[in-house]
Amino acid sequence: MDYLENQGWIEKKYDNLASMYHVSIDGHARLAALDEPDARSQMAFVAMWFNESMNKVWEQAIQPGIEEAGYEPLRIDRKEHINKIDDEIIAELRRARFVVADFTHGHDGPRGGVYYEAGFAYGRGVPVIFSCRKDAIDKIHFDTRQYNHIVWEAGKLDEFRRRLTTRICAVVGDGPRER
């Protein structure tokens, strides 16, 4: 408490001979700064349907598209960890410079996790790049339909990769990694 008080982040107040602490204006500013996205991050969080049918899309479009923009892609299902998956997702979303959210889904319907992860990032001010396979775009939820999606086709993954790289560079900027 002494440290926080010395930093000016909390203030000690007395009420009926009892001391109480309150977060100061500087303390609120510090908390807000801690919650801001890290513009120095090189990592792009990828929210997508983890289905075999999407492996080629990952390998030929999403992963190389992010790398060509100068960033490091992260798929949570390919990260080694021993924690609860939910905690890992939130931690990595907090570390991400931006999110690529692909809303493609199969016959079971929309992928709730993709919507959650995109919304969490968006709510924190982290840029979200929206994409969806052409045959699924009319089935995405109306709340996200108004965002500019990169609509792609399975037989044109090179085009999707190029468009993704271009969108990332236009929205987020060229990444720090060598292209």
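The values are calculated or read from the model by the stated rules, or taken from the named source; none is laboratory data. Treat the numbers as computed from the prediction; the structure is a model and nothing was measured. With ideal geometry, Cβ positions are generated from the backbone for all residues, glycine too; neighbour counts draw on all protein chains shown. The protein model used for the area step is the full one, side chains on, heavy atoms only, and it has no ligands, DNA or RNA in it. Shrake-Rupley method; radii C 1.70, N 1.55, O 1.52, S 1.80 Å.
Here are the numbers:
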| quantity | calculated |
| --- | --- |
| With eigenvalues of the C-alpha gyration tensor scaled by 5 and rooted, the chain, Å | 39, 18, 15 |
| With all protein chains modelled, accessible area of Lys134 [1.4 Å, Å²] | 120 |
| Förster-model FRET efficiency, 41 Å R0, Arg177 and Ile25, C-beta, rounded to 0.05 | 0.60 |
| C-alpha long axis of helix 112-123 to longest principal axis of the chain, angle in ° | 50 |
| Kirkwood Rh and Cα Rg combined as Rg/Rh, segment 93-144 | 0.98 |
| Pairwise centroid distance, computed over Cα atoms, of segment 87-126 with segment 1-32, Å | 35 |
| Structure-based [θ]222 nm, the chain - -39500 (n - 2.57) summed over DSSP H runs of at least 4, per residue, nearest 500 | -10000 deg cm²/dmol |
| Proximal lysines to Lys156, defined as alpha-carbon separation beneath 26 angstrom and excluding residues fewer than eight positions away on the same chain | Lys56, Lys134, Lys139 |
| Extreme residue, positive dipole direction of the chain, given options Pro73, Ile90, Trp58 (C-beta unit charges) | Trp58 |
| Top of Leu164, Leu74, Leu17 by mean-square fluctuation, Gaussian network on the chain, Cα under 10 Å | Leu17 |
